[in-house]
Amino acid sequence: ATIVGQAIRQCRIGDGLTQEQLAAKAGITYQYLSDIENGKKNITLDVGESVARELGLAFDALVELAYSAQNPLPQVQPQYFIPKAPLPPGLTQTQLALVLNETHKVVRLINATLIRAAGRALPAYIQGNNFSGIVSNILTDSFSRLSSFKHNHEQRYPDLICHGKRGAANVGLEVKATIQQGKGGESHNGHPGWHVIACFAADATSGDIKFIHVMFADLAGHMGNHPDWKYVGSAENADTGSRRTETYNTTPAGTAKLRHGTAYLDTSVINISRWRTSKDFPAPTYSPFRPRNRSTEEKPKR
């Protein structure tokens with residue numbers, strides 16, 4: 001009972017719910033939920049299903065999550081959000097926190113099932129770039145379920161659409177997750193619009209992930225007068241002869257826009273003091289890359 005109760009508390013906090021809010025949604029009293037979370041009362045099947053449903057899970061998935069690992073479920077920390085960082089219209093920091101934590105939770109459930117069935121987590125089965133692709137897909141789905149940005153059902157650019165209200169234009173959002181710290185944007189088309197690059201750390205044994213750096217920027221397309229994308233072609237693997245998909249990378253100005261658009265930065269993991277940003281795109285006041293004095297502008301480049 002204590003283990004399941006702790007899992008409920010972790011999921012509730014990750015979803016931004018108070019005990020009163022979750023209890024009301026699940027149709028139980030606040031005191032009963034408190035007793036469950038503190039291991040004072042056992043949870044019945046019908047109550048477990050109601051609580052799990054309001055947490056976006058099936059009850060068996062909630063139990064799987066509770067017993068999957070001794071370590072707490074990774075959570076983003078409020079102190080690492082950049083207060084005035086601009087987000088795509090229609091997205092809030094509260095929604096972003098829910099989306100990131102939901103992605104942590106879904107990845108944990110996938111890995112818990114694999115470990116129980118075969119003794120190995122997902123990273124043991126696939127290459128790093130494919131693992132990042134799966135995280136990107138889960139992150140995209142979390143945005144669609146927990147924010148105002150929904151799947152683009154045309155299955156083309158962009159990944160997500162926030163439909164404008166009262167005649168306002170729709171806003172698109174292209175999503176990419178990566179394990180490479182400080183990486184700029186990478187795209188198969190170099191289209192204009194809002195992009196998010198979400199960097200995560202991964203535990204090779206458990207397969208858990210934790211987002212540590214999230215950047216947003218409204219980038220200019222490669223066909224414009226001042227593009228934020230440059231065409232880099234498709235590289236060939238010298239050992240296998242295979243060729244990657246056609247690729248665009250952000251220009252120095254495009255990478256600077258992304259870095260200055262940092263919305264979440266876990267400074268306990270990442271030190272950005274040596275990261276370079278192009279002077280063609282000056283640092284806004286909210287940017288964590290803004291030099292604090294003249295001497296910091298001349299630090300060694302990364």
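Tabulated results
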| quantity | calculated |
| --- | --- |
| The lone exception for residue 81 - which of (1) open to solvent by 70 Å² or more (accessible area, probe 1.4 Å); (2) aromatic (Phe, Trp, Tyr); (3) under 30 Å from residue 268 (Cβ atoms) it fails | (1) |
| Residue count, the stretch 106-117 (criterion: polar (S, T, N, Q) and open to solvent by less than 30 Å² (accessible area, probe 1.4 Å)) | 1 |
| Residue match in the stretch 243-260 (condition: touching a Lys or Arg at 6+ places or on another chain (Cβ under 9 Å), assigned to a strand (DSSP E or B) and at pLDDT 90 or above) | yes |
| One residue from 75, 79 being within 25 Å of residue 6 (Cβ to Cβ), out of contact with any Phe, Trp or Tyr (no Cβ under 9 Å at 6 or more places or on another chain), modelled with pLDDT of 95 or more and not acidic (Asp, Glu) | 79 |
| Selection status of residue 154, under 21 Å from residue 197 (Cβ atoms) and either in contact with a Leu (Cβ under 6 Å, 6 or more places away or on another chain) or open to solvent by 20 Å² or more (accessible area, probe 1.4 Å) (or both) | no |
| Count of residues meeting criterion [in a helix (DSSP H, G or I) and among the aromatic types (Phe, Trp, Tyr)] in the stretch 91-144 | 2 |
| Hey, residue 103 within 21 Å of residue 215 (Cα to Cα) and open to solvent by less than 30 Å² (accessible area, probe 1.4 Å) or not | yes |
| Hits in the stretch 207-220 - residues which are open to solvent by less than 10 Å² (accessible area, probe 1.4 Å) and in contact with a strand residue (DSSP E or B) (Cβ under 9 Å, 6 or more places away or on another chain) | 209, 211, 212, 213, 214, 215, 216, 217, 219 |
| Residues of the stretch 264-287 classified as open to solvent by less than 40 Å² (accessible area, probe 1.4 Å), part of a loop (DSSP other than H, G, I, E, B) and farther than 18 Å from residue 228 by Cβ, total | 3 |
| Looking only at the stretch 15-43, and only at residues there that are among the charged types (D, E, K, R) and either free of Cβ contacts under 8 Å to residues at least 24 places away in the same chain or more than 19 Å from residue 103 (Cα to Cα) (or both), the one that is least open to solvent (accessible area, probe 1.4 Å) | 37 |
| Residues (open to solvent by 40 Å² or more (accessible area, probe 1.4 Å) and either more than 30 Å from the chain's Cα centre (by Cα) or modelled with pLDDT of 90 or more (or both)) located in the stretch 44-72 | 44, 45, 46, 49, 53, 54 |
| Residue pairs meeting the criteria (Cβ under 6 Å; at least 6 apart or on separate chains; first without any contact (Cβ under 8 Å) to a residue 60 or more places away in the chain, in the stretch 80-99; second in a loop (DSSP other than H, G, I, E, B)) | 95/147; 99/147 |
| Number of positions in the stretch 165-191 that are assigned to a loop (DSSP other than H, G, I, E, B) and either open to solvent by less than 30 Å² (accessible area, probe 1.4 Å) or under 24 Å from residue 104 (Cα atoms) (or both) | 8 |
| Residue within the stretch 192-205 that is assigned to a loop (DSSP other than H, G, I, E, B), at pLDDT below 90 and in contact with a Leu (Cβ under 8 Å, 6 or more places away or on another chain) present | no |
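The values are calculated or read from the model by the stated rules, or taken from the named source; none is laboratory data. Quick caveat: nothing in here was measured; it's all calculated off a predicted structure. Every residue, glycine among them, receives a Cβ derived from its backbone with ideal geometry; neighbour counts consider all protein chains shown. Keep in mind that these areas ignore ligands, DNA and RNA; they rest on the heavy atoms of the full protein, side chains included. Shrake-Rupley method; radii C 1.70, N 1.55, O 1.52, S 1.80 Å.
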